[in-house]
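Take a look at the structure below.
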2 protein chains.
Amino acid sequence: MPIVSQRIVIAGIGLIGGSFALALRRAGFDGQITGVGRDEKALRRAVERGICNDYSRSIAEVAGDADLVMHAVPMGAMDDLLAQLAGSVAEHTVITDAGSVKQSFIDAAGRHFTNLQHIVPAHPIAGTEHSGVEAGFDSLFDNRRVIVTPLATSSAAAVTEVAELWRATGASVEQMAPRRHDDVFAAISHLPHVAAFSLVETLHRIDQEEEVLRFAAGGFSDFTRIASSDPVMWRDICLHNRSAVLDVLGQYRACLDELHQAIDNADSASIEQMFSRAKSARDAYLQAASDSIQESK
Amino acid sequence: MPIVSQRIVIAGIGLIGGSFALALRRAGFDGQITGVGRDEKALRRAVERGICNDYSRSIAEVAGDADLVMHAVPMGAMDDLLAQLAGSVAEHTVITDAGSVKQSFIDAAGRHFTNLQHIVPAHPIAGTEHSGVEAGFDSLFDNRRVIVTPLATSSAAAVTEVAELWRATGASVEQMAPRRHDDVFAAISHLPHVAAFSLVETLHRIDQEEEVLRFAAGGFSDFTRIASSDPVMWRDICLHNRSAVLDVLGQYRACLDELHQAIDNADSASIEQMFSRAKSARDAYLQAASDSIQESK
């Protein structure tokens, strides 16, 4: 399907919003892109970089004739922005986002909009450790996945438009129910981050009492890489996906409790069973991932 | 200092024992190396690979005229091996090991030997995911650290000999008290492995209920790499360093409990503080590690 939108407003011209715009330009999109942000200097820079044609510091000022509004802002800023948007956007405008948690975006939309036909949340599974207007680049989404999570009320045309835009950026698109998305990502993404932040915090606390970190070997940097992620973004994810994160974190704590008990009891068989299952599960996952890369070649 | 030993017995000719021998040969060691193991085919292969000059399936048979005996066997096999050795080894023979936990080796030695002057435990911080007689290679220890943990009773000559052998393999050697070693490695190595095994086990359990693992992104393979480690070796580490592992695991569980509480209370400030501290601690560690690499260049 061709892209229908001619006037796109992108709120947030950092890594995700900037890369979205640059990837659309790479794909030949020749409509109007208007950047919205708080920092005028960054917005001017976004125009220089070819991310947008023009800009505004107020979404209300520019949303009126947009065909599509993309929210690529921190989740903590979403509610305010939707409130401003609600008073200014046209009836037909498609509204989407790129946040890591979907139900909270839908809840916020529900607070500010009565017509939810054109709301189509999405989550690109892509990122780097950089942020800001200089961070965006046109190939960020190449061969990455974007999960589109339509509402029951989303119009088919709006869902198609959001999916086509993401396909144009180089991503492959799949659909999922919003709550299912939030449960899946609580497990495979939010829990590992929470576990890694807590692990490094624990080692840091121990290190205050007796120096240990200087003995850390090369592996430390691998398994704690995700603990160098943006603390504010991850705080927001924990708060916006609270019940799902608490649920999987509870399951992790239960698993650690079991293991603690098994070690305390010198229960050799249980310890080995758990470690073997984990090793097999990881090895099987990697095998499946490598098979699917082979198939797609 | 020159290496004094002329006849070395290596019990276990897998990754660590094999690499130790090959690295000594690379350094010009021209004495006798005798391999000890259970699998005759592997022992013959070790001779072919130049790991040892000859071999035996019984340590008692060959220990009598050894200058040094290196135990490079799984920790679960250590106690038996020391028992066999105690009846056959000469008074002057230096006895060392390469295990990941030091106090339990010392305790086992104490059960079987009355003279502990020549017991010098050590722990090379090196490894790969491979094991067995084909896994050893002569540069495994290049620029890696070996922690030597002498007993109060260890003779200076024996400590020097073990340190010099490890230096000859390409490693840098530092000394640490055995219990301090076990506490440090419980924190920086054993806890991360336990956390990673448990994380993958938790995701595996969730995956049995509802498919989640297929949505895991690239990061999953990084932060769970250590969960593909040998389950039996890690079971043994948990059992042999039980109290130190339980201690740090308890601290990790307490940290996760705090975070669970903070998320449950939507305590935004506490969550952000913990994540920020963790990120800073990791970034500072990596900076220090990279500075020390620069200095050593």
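The values are calculated or read from the model by the stated rules, or taken from the named source; none is laboratory data. This is a predicted model, so every value here is computed, not measured. FYI the Cβ positions are ideal-geometry reconstructions off the backbone, even for glycines, and counts take in every protein chain you see.
Picking from residues in the range A:206-242 that are over 13 Å from B:F275 (Cβ atoms), modelled with pLDDT of 95 or more and at the interface with chain B (Cβ under 7 Å from one of its Cβ atoms), the one that is nearest to the chain's Cα centre (by Cα) is A:R242. Being of a type in the set (V, I, T) and over 28 Å from A:A289 (Cα atoms), is that true of even one residue in the range A:179-186? No: the range A:179-186 contains no residue that is of a type in the set (V, I, T) and over 28 Å from A:A289 (Cα atoms).
Scanning the range A:269-294 for residues being more than 25 Å from the chain's Cα centre (by Cα) and more than 21 Å from B:P192 (Cβ to Cβ) gives a total of 5.
Tell me, which helices (runs of 4 or more DSSP H) wholly within the range A:71-168 include 3 or more residues that are modelled with pLDDT under 95 and within 25 Å of A:D183 (Cα to Cα)? First the steps, then the outcome.
Numbers: elements: A:75-86, A:103-112, A:156-168.
Correct list: A:75-86.
Of the residues making up the range A:175-184, at least one is modelled with pLDDT of 95 or more and part of a strand (DSSP E or B). When B:I3 is tested against the conditions (1) β-branched (V, I, T); (2) crowded, with 24+ Cβ neighbours inside 10 Å; (3) closer than 21 Å to B:V89 by Cα, the lone failure is (2).
When residues of the range A:141-170 are filtered for being touching a strand residue (DSSP E or B) at 6+ places or on another chain (Cβ under 7 Å) and of a type in the set (A, V, I, L, M), how many remain? Summing the residues that are touching a strand residue (DSSP E or B) at 6+ places or on another chain (Cβ under 7 Å) and of a type in the set (A, V, I, L, M) in the range A:141-170 gives 8. The criterion of at least 2 residues that are of a type in the set (F, W, Y) and over 23 Å from A:D182 (Cα atoms) is met by the following helices (runs of 4 or more DSSP H) wholly inside the range A:209-297: A:219-223. Looking across the range A:176-190, just one residue is touching a strand residue (DSSP E or B) at 6+ places or on another chain (Cβ under 7 Å) and either away from every other protein chain (no Cβ under 13 Å) or buried (at least 24 other Cβ atoms within 10 Å of the Cβ) (or both), and that is A:H181.
Return the only residue of A:E174, A:E164 being more than 17 Å from the chain's Cα centre (by Cα), touching a residue at least 12 places away in the same chain (Cβ under 8 Å) and closer than 22 Å to A:S19 by Cα. Only one candidate passes the filter, namely A:E164. Across the range B:254-283, what is the number of residues that are buried (at least 18 other Cβ atoms within 10 Å of the Cβ) and facing chain A (nearest Cβ under 7 Å)? Total meeting the criteria: 13.
Among the residues of the range B:53-111, those that are β-branched (V, I, T), more than 14 Å from the chain's Cα centre (by Cα) and closer than 20 Å to B:Q175 by Cα comprise B:V69, B:V94, B:I95, B:I106. Whether any residue in the range A:22-41 is on the phi > 0 side of the Ramachandran plot and surrounded by fewer than 18 Cβ atoms within 10 Å (Cβ to Cβ) is what I want to check. Looking for residues that are on the phi > 0 side of the Ramachandran plot and surrounded by fewer than 18 Cβ atoms within 10 Å (Cβ to Cβ), one finds at least one in the range A:22-41, hence yes.
Checking each residue in the range A:105-139 for being more than 24 Å from A:V4 (Cβ to Cβ), of a type in the set (G, A, S) and in contact with an Asp or Glu (Cβ under 8 Å, 6 or more places away or on another chain) picks out A:A108, A:S131.
Let's see how each residue does on (1) within 24 Å of B:F215 (Cα to Cα); (2) touching a residue at least 24 places away in the same chain (Cβ under 8 Å):
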| position | (1), (2) |
| --- | --- |
| A:E48 | no, no |
| A:L81 | no, yes |
| A:T96 | yes, yes |
| A:I125 | yes, no |
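Considering each residue of the range B:44-57, count those that are surrounded by 22 or more Cβ atoms within 10 Å (Cβ to Cβ) and out of contact with any helix residue (DSSP H, G or I) (no Cβ under 6 Å at 6 or more places or on another chain), and give that number. So the answer is 1. Of the numbered criteria (1) crowded, with 16+ Cβ neighbours inside 10 Å; (2) more than 17 Å from the chain's Cα centre (by Cα), the one B:G127 fails is (2).
Filtering the range B:200-248 to residues that are buried (at least 22 other Cβ atoms within 10 Å of the Cβ) and in contact with a Cys (Cβ under 9 Å, 6 or more places away or on another chain) leaves B:E201, B:T202, B:V245.
Hey, can you tell me all the residues within the range B:24-56 that are in a strand (DSSP E or B) and in contact with an Asp or Glu (Cβ under 6 Å, 6 or more places away or on another chain)? Matches in the range B:24-56: B:T34 only.
Any idea how many residues of the range B:233-247 are among the acidic types (D, E) and farther than 10 Å from B:A186 by Cβ? The qualifying residues number 1. Listed conditions (1) of a type in the set (G, A, S); (2) surrounded by fewer than 18 Cβ atoms within 10 Å (Cβ to Cβ); (3) at positive phi are all met by B:G170, apart from (2).
Taking only the range A:192-205 into account, find how many residues are closer than 23 Å to A:F105 by Cβ and at the interface with another protein chain (Cβ under 7 Å from one of its Cβ atoms).
Residues flagged as closer than 23 Å to A:F105 by Cβ and at the interface with another protein chain (Cβ under 7 Å from one of its Cβ atoms) within the range A:192-205 amount to 2.
Could you tell me whether B:H193 is touching a strand residue (DSSP E or B) at 6+ places or on another chain (Cβ under 7 Å), part of a helix (DSSP H, G or I), in contact (Cβ under 8 Å) with a residue 12 or more places away in the chain and buried (at least 16 other Cβ atoms within 10 Å of the Cβ)? No: the conditions fail for B:H193. Of all residues in the range A:99-116, those satisfying the criterion of being among the polar types (S, T, N, Q) and under 19 Å from A:H190 (Cα atoms) are A:S100, A:Q103, A:S104.
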